[in-house]
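The values are calculated or read from the model by the stated rules, or taken from the named source; none is laboratory data. Not measured: the values here are computed from a predicted model. Cβ sites come from the backbone with ideal geometry, for glycine too, and all protein chains shown count toward neighbours. All accessible areas refer to the heavy atoms of the entire protein, side chains included, with ligands and DNA or RNA removed. Shrake-Rupley method; radii C 1.70, N 1.55, O 1.52, S 1.80 Å.
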Amino acid sequence: MGSRLTSDGAGKVYNAAQAWVDSALRTDGSLFTPGTPIWSSDRLRELRELSLNNLDESPDSFEEKLRRKLEGSSPEIYQLFGEALYFHYLVRRSKSAANKLQRINMALGWSPVPVQIPAELADSLTPGILNPGQLFNSTWLRQAVFLVEFVEQWKQVPDRQQQMLEDEWEFKGFVMDLDFRSEVLLTQPNTILIQREALLHLVFPDTFEAIVSVNQKEKIVKAFANLVRRPVEDVDRKLAQIRSVLETQYESGDHFFFVPEIRVQWDEQYKQGPIDVEEQLEVADSPLRPSVDPWSQPITNALAAQLLWKSEYLQEIIQDLQEKRQVIFHGPPGTGKTYVAREIAKQCRDYGGDFEIVQFHPSYSYEDFVEGFRPKLIGDQAGFDLVHGPLRRIAQKASLPENSGKPFILVIDELNRGNVAKVFGELYFLLEYRDEEVRLLYGDQFSLPSNLRFICTMNTADRSIALMDAALRRRFYFAPFFPDEPPIEGLLNRWLEREGQDTLAARLVDEANKSLDRDARIGPSYFMRPGQTLDEDAVRRIWDRAVMPYVEEQCFGDDDKLKGFSFETLKRRLDGAQPA
């Protein structure tokens with residue numbers, strides 16, 4: 001079958017890539033407006049020298065720096081940069097082209113004469129073919145500059161161009177020998193390795209593997225070194241030999257080296273469960289993912305059994321978390337919201353990720369959650385130091401190249417006890433636009449990594465969802481935790497039966513909840529105490545000392561109603577006797 005991908009949408013990507021080759025490499029034309037001389041030597045040089053060469057050390061956002069760099073340029077320069085961005089985003093896999101188009105159109109929109117991306121090309125941005133990871137996403141400017149530099153130097157060897165387009169190894173040799181000139185590349189040359197490998201595959205998809213990690217290519221070659229029969233130095237030539245042998249033993253298909261029975265032979269960590277995702281690659285949609293996914297069906301089923309839930313309820317929450325990335329567990333106290341959040345978050349550490357838990361309260365602030373200045377002794381003088389809060393700490397950890405693709409969760413307990421809008425600040429924007437960056441209160445550029453999820457808990461007895469900020473509500477999915485609704489319905493009874501305990505506590509709770517509002521009903525957690533014998537005396541003590549103080553709050557000012565919740569009154573009802 002070869003290295004060319006055949007999955008849904010891959011054909012559109014390859015067609016668009018060849019259209020770019022025809023426009024930028026075979027001619028001096030244009031991808032968006034055919035016949036217009038956009039990819040010419042003069043314009044490439046101008047874009048590099050006048051707009052992209054010098055570093056901007058100001059604290060402004062990347063977008064503002066870029067806009068300032070391009071200000072005053074001709075419409076053709078804006079279009080050239082937009083077309084470079086387009087090719088950069090072609091390889092990246094995402095469910096929607098919206099975020100890609102937004103950034104491309106941002107650059108095009110700064111032009112005094114903006115152009116439109118043809119509909120067919122815009123459609124080719126969905127869905128992409130690979131997820132190259134956080135580094136590729138966060139260094140998009142350098143990736144685009146690499147493409148500009150590549151084509152500029154390509155234009156300087158017109159006598160070699162046709163030969164290189166006919167000979168993939170000649171083409172690779174040229175790409176590998178580029179002499180970078182832009183400061184944005186010279187300062188961090190390794191950041192463009194991903195774009196270089198993506199360029200090779202997009203131009204010659206039948207020769208170069210759909211792998212944009214040099215590290216992973218080398219791992220594969222090392223593991224299957226005995227299959228390299230003809231001595232060669234080039235890693236891609238070795239991969240081609242290895243594939244030709246393996247295809248006689250395994251069925252060929254997309255992401256061939258990543259199917260489980262092959263990957264287990266070259267990826268040591270894959271044998272143990274978690275994926276060792278290297279600096280340049282995460283193939284997010286390859287067939288192997290379910291076998292190492294901490295939210296896979298077998299693992300979710302095991303966790304559901306531990307929680308005494310039906311697996312479909314937990315799977316629904318996991319699906320919400322994967323799709324929306326942030327979920328709020330809402331319901332009365334004692335319904336297990338924090339416990340379930342912790343148990344889900346613990347899965348992260350088993351698969352190479354991590355989690356952190358914070359609890360909001362009325363005095364909790366942006367400086368506590370994101371970052372803020374704290375007193376510090378500097379020498380003999382009192383001063384201040386900018387200290388990261390839990391959000392920045394876990395985001396920084398999730399963004400590390402070695403953690404790309406690994407799961408990270410921040411659990412925010414008692415979300416609605418804090419002033420959420422004040423605590424989150426500009427992060428409201430990032431909850432919805434994970435591919436974007438914002439400048440934080442103290443000047444840093446910041447984005448939320450795609451592998452970071454949020455689970456928040458919210459006590460509806462304190463404050464209902466209807467009172468929450470509408471902007472916050474639409475950025476979260478809400479998972480209900482109510483005592484008389486699945487998955488919490490019947491949970492206490494199931495737990496008592498599993499523990500071999502009398503079910504009196506469950507019957508008392510069910511009887512009391514008939515007279516309480518939905519948002520204020522009694523949760524099962526008051527009585528879920530492993531190792532404690534729940535005889536009648538123990539249930540009475542818990543009821544009087546833990547449940548009744550809570551019920552008193554709900555019945556404040558109504559003593560007659562409160563009497564109906566006493567242990568003796570409810571017990572008589574259950575026994576069929578009339579209250580005295």
Open item on the list: Can you find, within the stretch 67-118, the residue that is nearest to Leu47 (Cα to Cα) among those that are open to solvent by 50 Å² or more (accessible area, probe 1.4 Å), among the small types (Gly, Ala, Ser) and under 19 Å from the mean Cα position of the chain (by Cα)?
Closed with: Ala98
Open item on the list: Condition (residue is farther than 27 Å from Leu5 by Cβ and outside any loop (DSSP other than H, G, I, E, B)) applied to the stretch 208-224: is it met by at least one residue?
Closed with: no
Task: Residues satisfying the stated conditions in the stretch 529-547, i.e. aliphatic (A, V, I, L, M) and under 43 Å from the mean Cα position of the chain (by Cα) - done: Ile542, Ala546, Val547
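Given the options Phe446, Phe454, Phe429, name the one that is among the aromatic types (Phe, Trp, Tyr), at negative phi and surrounded by fewer than 16 Cβ atoms within 10 Å (Cβ to Cβ).
Only one candidate passes the filter, namely Phe429.
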Task: Which listed residue is more than 16 Å from Ile412 (Cα to Cα) and charged (D, E, K, R), from Asp354, Asp380, Asp368 - done: Asp380
Open item on the list: Is it the case, given these coordinates, that Ala198 is in contact with a strand residue (DSSP E or B) (Cβ under 8 Å, 6 or more places away or on another chain), of a type in the set (A, V, I, L, M, F, W, C) and closer than 18 Å to Thr139 by Cβ?
Closed with: yes
Task: Scope the stretch 16-51; condition in a helix (DSSP H, G or I), open to solvent by 10 Å² or more (accessible area, probe 1.4 Å) and of a type outside the set (A, V, I, L, M); matching residues - done: Gln18, Asp22, Ser23, Arg26, Ser41, Asp42, Arg43, Arg45, Glu46, Arg48, Glu49
Task: Boolean, Glu197 is open to solvent by 20 Å² or more (accessible area, probe 1.4 Å), among the acidic types (Asp, Glu) and either at pLDDT below 90 or under 30 Å from Gln156 (Cα atoms) (or both) - done: no
Task: Check on Gln143, more than 29 Å from the chain's Cα centre (by Cα), within 30 Å of Asp179 (Cα to Cα), assigned to a helix (DSSP H, G or I) and not charged (D, E, K, R) - done: no
Task: Close pairs (8 angstrom Cβ cut-off, 6 or more residues apart or separate chains): over 14 Å from Ser515 (Cβ atoms) in the stretch 567-580, modelled with pLDDT under 90 and not β-branched (Val, Ile, Thr) anywhere - done: Arg572/Gln578; Arg572/Pro579; Arg572/Ala580
Task: When residues of the stretch 318-356 are limited to those that are within 22 Å of Arg474 (Cα to Cα) and outside any helix (DSSP H, G or I), the one most open to solvent (accessible area, probe 1.4 Å) - done: Arg325
TODO: Considering only the stretch 492-523, state which residues are under 14 Å from Val539 (Cα atoms), of a type in the set (Gly, Ala, Ser) and open to solvent by 30 Å² or more (accessible area, probe 1.4 Å).
DONE: none
Open item on the list: Just to be sure before I move on: is Gly500 over 30 Å from Ile318 (Cα atoms) and in contact with a Ser or Thr (Cβ under 7 Å, 6 or more places away or on another chain) in the structure I sent?
Closed with: no
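At pLDDT 85 or above and not basic (Lys, Arg): which single residue out of Val283, Val232 fits that description? Let's see the steps before the verdict.
On the way: Val283 fails: at pLDDT 85 or above.
Only one candidate passes the filter, namely Val232.
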Task: Tally, over the stretch 51-64, of residues that are within 15 Å of Glu183 (Cα to Cα) and either in contact with a helix residue (DSSP H, G or I) (Cβ under 8 Å, 6 or more places away or on another chain) or at pLDDT 70 or above (or both) - done: 6
Task: Scan of the stretch 119-137 for residues that are within 16 Å of Ser213 (Cα to Cα) and not in a strand (DSSP E or B), ordered by number - done: Ile129, Pro132, Gly133, Gln134, Leu135, Phe136, Asn137
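Looking at the stretch 376-431 only, could you name the residues that are outside any helix (DSSP H, G or I), of a type in the set (Asp, Glu) and touching a residue at least 60 places away in the same chain (Cβ under 8 Å)?
Result: Asp413, single match.
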